[in-house]
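For reference, the structure is listed below as structure tokens.
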Amino acid sequence: MTADQRGPTGAVLRCADARVLLMGFIDGELSADEARQMEDHLAVCPACRGEFATYQQLGRAADLLAQEEPVVNNDLAWERIYDGIARGAGWILLWVGMTLLAGWGLWVLGAEFLLDPEVPLVIRLGVGTFTLGALLLLTNILRERLYRRKTERYDEVMR
Amino acid sequence: MDGASEQRYLDECRRGSVGLFRPLVDAYFSQAVRLTGALVGHCDAEDVAREAFVAAYGAIATHEPGRPFYPWLRGILVNPAKVFIRSRNRARVRVEIVAARPGHWTAGAKSDDQRLADLMHRALAGVASDDRVLLVLKHVEGYTYDELSVHLGIPRGTVMSRLYRARQRLRAIVEELDPTIIRQQRRADA
């Protein structure tokens, strides 16, 4: 339709705008005024009417997915979920243990190795910078993961 | 499951009970698999749903007492599904394998419906993960635009334009997979 074609109520809607509003029209999400404009536009625009019919059909086809009925084995599902929960607890304990051991290791390294005047300075510097670099890299990876988690758009999808 | 029982089980889980998480799994696993099935395809739907239930138990302390369980779980379900889609995209798994329907899944009584649902699964597998999530939340979970807007943190108008773009993409894939199907459906409905 051309921009100056008018529907029965005299409202003008360009095809480009109508195509976007079409989604709201199909989903029943337009205001009464917008819906009236769309009806007017569809009454005089065969191209948009065709689009309307196609997208309406596509929507109905997609709605079929909501009617699917997966038949699941709850016993098996529970068994694996339980295993997953138990494994999660195991990982937490493992990480806590590793963190404690790593902390202790760093303490020992700092107090007994890096400050030991009998160890050549170049060795102490090498070990010190290597450890510092590893810690910086680890912190950087953790920071990046946390940042991604925080800014992930769909993380909070719920209602 | 009635709301009071659900809250009681959730309270017990927050106190550390694992066993009382089972009634929640029994009540919602099938529903969760339907959602993950639409997001990642039938083959991997149960794995992803199980992973989400494990994550949900781990995060149970963040569930607000008094709120229903499934909407909260749904928020968790989407994330492993998206991670899965990305990893599969990297592995370039064929769409036919992704969308293969196990024999025990049904999609309405009519075989035409089943054929159409299968086609939609195959088409969805070709849609980008963000758009796929949007389409699935709309069509499978029945989100309204306001709900999509609030929970995706985008304006209502953007929801509409993104849905348009996502449906354009979906339509292009459907027409590529079966150029006549939409026309046939329109004729059948007429």
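Between A:Glu118, A:Glu79, A:Glu68, the GNM of chain A built on Cα springs shorter than 10 angstrom shows A:Glu118 fluctuating the most. Other residues whose C-beta falls under 13 angstrom from the C-beta of A:Arg80 contribute a net charge of -3, scoring Lys and Arg +1 and Asp and Glu -1. For peptide A:95-108, the mean count of partner chain Cβ atoms within 10 Å of a residue's Cβ comes to 0. I'd like the orientation of helix A:46-63 relative to chain A: the angle between its Cα long axis and the longest Cα principal axis, in ° from 0 to 90, rounded to 10. Roughly 50 degrees between the two axes. A probe of 1.4 angstrom, applied to the heavy atoms of all protein chains, finds B:Phe53 with accessible area near 0 square angstrom.
Using the rule -39500 (n - 2.57) for each DSSP H run of four or more residues, divided by the residues of chain A, the 222 nm mean residue ellipticity is -24000 deg cm²/dmol. If you take the Cα centroid of the stretch B:1-76 and the Cα centroid of the stretch A:95-116, the two points sit 40 Å apart. Computed over protein heavy atoms with a 1.4 angstrom probe, the accessible surface ordering of A:Trp107, A:Trp95, largest first, is A:Trp107, A:Trp95.
Here the dipole of the stretch A:1-144 is about 340 debye; that uses its Cα centre as origin and unit charges on the Cβ of Lys and Arg (positive) and Asp and Glu (negative).
In this view, the solvent-accessible surface of A:Asp27, computed with a 1.4 Å probe and all protein chains in place, comes to about 40 Å². Simple point charges give the picture: +1 on the Cβ of Lys and Arg, -1 on the Cβ of Asp and Glu, and for the stretch B:1-87 a dipole about the Cα centre of about 200 debye.
By the Cβ distance rule of under 4.7 Å, chain A has these cysteines without a partner: A:Cys15. Checking the a/c ratio against 1.5 first, then a/b against b/c, what shape does the Cα gyration tensor give for the stretch A:56-118? The shape class here is oblate. Couplings 3J(HN,Hα) of the stretch B:122-127, computed from phi: 5, 5, 4, 4, x, 8 Hz, in residue order, whole Hz [Karplus 6.51 cos²θ - 1.76 cosθ + 1.60, θ = phi - 60°; x for Gly and Pro]. Per-residue SASA remark: B:Arg8, around 130 Å² accessible (1.4 Å probe; ligands, DNA and RNA not included).
3J(HN,Hα) couplings calculated from phi for the stretch A:17-33 with the Karplus curve 6.51 cos²θ - 1.76 cosθ + 1.60 (θ = phi - 60°) are, in sequence order, 6, 4, 5, 6, 5, 3, 4, x, 5, 5, 7, x, 10, 8, 5, 4, 5 Hz; Gly and Pro show x.
The values are calculated or read from the model by the stated rules, or taken from the named source; none is laboratory data. Since the model is a prediction, treat every value here as computed from it, not as a measurement. Glycine also receives a Cβ, built like all others from the backbone with ideal geometry; neighbour counts cover every protein chain displayed. Accessible surface areas use protein heavy atoms only, side chains included; no ligands, DNA or RNA. Shrake-Rupley method; radii C 1.70, N 1.55, O 1.52, S 1.80 Å.
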